[in-house]
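The values are calculated or read from the model by the stated rules, or taken from the named source; none is laboratory data. Since the model is a prediction, treat every value here as computed from it, not as a measurement. Here the Cβ positions follow ideal geometry from the backbone for every residue, glycine too, while neighbour counts run over all protein chains shown.
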Amino acid sequence: MGEVRQLPRPYRRFLGLISDHAPVTRAFMRAATAVDPILLKLSGGRVSLPLGLPTLLLRTTGARSGEPREAPLLYAPDGDRIVLIASQGGAPRNPAWYHNLVAHPECEVLATHERSGNYIARQAEGEERERLWRIAIAVYSGYDTYAARAGERRIPVMVLERTQA
């Protein structure tokens, strides 16, 4: 968890505003979904809207369409692995990228140079899920708010492990 760093208090308050109010969460997610792919591609994975938070561009294969899909996401580092939280801001359903990874676990990541590459995804369960959830909360505390907002839906935790391809 050595990559996680403390963000300045005013910025943490701003992030709290985003996570605490569902309409603000949805608006920010729409903006990030539109702008982040461009920023991430132009900067080689170094710049995104949620400055200071680890962000990547996930490239998957559509679960039903088989077409290439892209989604900008926050992530939590766990050694060489990448942890993704399928929160969708606490929406009642899992995000499309989650269904894409379940159907087609092979994916590509564009992030900082050392994290970019090909990965295979799997869902964390049990104690591993709980440990990875705590790591993700250390990166972005808003996930707890999203979990409460999600109600009965248990938010999936996905693990990406690098492949040799």
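Looking at the range 146-165, which of its residues are among the hydroxyl-bearing types (Ser, Thr, Tyr) and closer than 13 Å to residue 85 by Cα? Show your work before the answer.
Applying the first criterion (among the hydroxyl-bearing types (Ser, Thr, Tyr)) to the range 146-165 yields 146, 163.
If the condition is that a residue be among the hydroxyl-bearing types (Ser, Thr, Tyr) and closer than 13 Å to residue 85 by Cα, then 146 is the only one that fits.
Would it be correct to say that residue 97 is over 17 Å from residue 40 (Cβ atoms), at pLDDT 95 or above and either surrounded by 17 or more Cβ atoms within 10 Å (Cβ to Cβ) or touching a helix residue (DSSP H, G or I) at 6+ places or on another chain (Cβ under 6 Å) (or both)? Walk me through how you get there before you give the answer.
Working: over 17 Å from residue 40 (Cβ atoms): no; at pLDDT 95 or above: yes; either surrounded by 17 or more Cβ atoms within 10 Å (Cβ to Cβ) or touching a helix residue (DSSP H, G or I) at 6+ places or on another chain (Cβ under 6 Å) (or both): yes.
No; evaluated as a whole, the condition is false for this residue.
Have a look at 111, 124, 136 and point out the one that is in contact with a strand residue (DSSP E or B) (Cβ under 7 Å, 6 or more places away or on another chain), modelled with pLDDT under 95 and within 12 Å of residue 84 (Cβ to Cβ). Full working, then the answer.
Working: 124 fails: modelled with pLDDT under 95; 136 fails: modelled with pLDDT under 95.
Of 111, 124, 136, the one residue that is in contact with a strand residue (DSSP E or B) (Cβ under 7 Å, 6 or more places away or on another chain), modelled with pLDDT under 95 and within 12 Å of residue 84 (Cβ to Cβ) is 111.
Out of the range 58-81, which residues are under 9 Å from the mean Cα position of the chain (by Cα) and farther than 25 Å from residue 152 by Cβ?
Within the range 58-81, 58, 72, 75 meet the criteria.
Given 15, 42, 7, 51, which one is modelled with pLDDT under 65 and loosely packed, with under 13 Cβ neighbours inside 10 Å?
Values: 15 fails: loosely packed, with under 13 Cβ neighbours inside 10 Å; 42 fails: modelled with pLDDT under 65; 7 fails: loosely packed, with under 13 Cβ neighbours inside 10 Å.
Going through 15, 42, 7, 51 in turn, just one is modelled with pLDDT under 65 and loosely packed, with under 13 Cβ neighbours inside 10 Å: 51.
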